[in-house]
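S.K.: For reference, the structure I am asking about is given below.
Computed from the coordinates by the stated procedures, all read-outs in this text should not be read as laboratory data. Bear in mind the structure is a predicted one, so any value in this text is a computation, not a measurement. Quick reminder, even Gly has a Cβ in these numbers, built from the backbone with ideal geometry, and neighbours come from all protein chains shown.
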């Protein structure tokens, strides 16, 4: 069952996000985009209508672009966090080279 939330689901809607709340909300949005991709991929696997599959595949592509948008925004708002991602990429490449 989907959980319908709002950006202010964890605080009163009459206040603006602090910087840390904005960063957390972006992380939540990224997770939500990945969850949507998973749901849509499962839909494609379980339907036979070609037109529906075509449209859902386009939506999946859009969701992946959204992930990139949010990751870039996260990098802008929290530049230090990007270093952790770079470390993870480097570590993965080093592990695969062994």
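S.K.: Kindly provide the set of residues from region 26-56 that are more than 30 Å from residue 82 (Cα to Cα) and either under 8 Å from the mean Cα position of the chain (by Cα) or without any contact (Cβ under 8 Å) to a residue 12 or more places away in the chain (or both), ordered by number.
M.R.: 42, 45, 46, 47, 48, 49, 50, 51, 52, 53, 54, 55
S.K.: Provide a single number: the residues in region 11-30 that are surrounded by 12 or more Cβ atoms within 10 Å (Cβ to Cβ) and in a helix (DSSP H, G or I).
M.R.: Number satisfying all stated conditions: 10.
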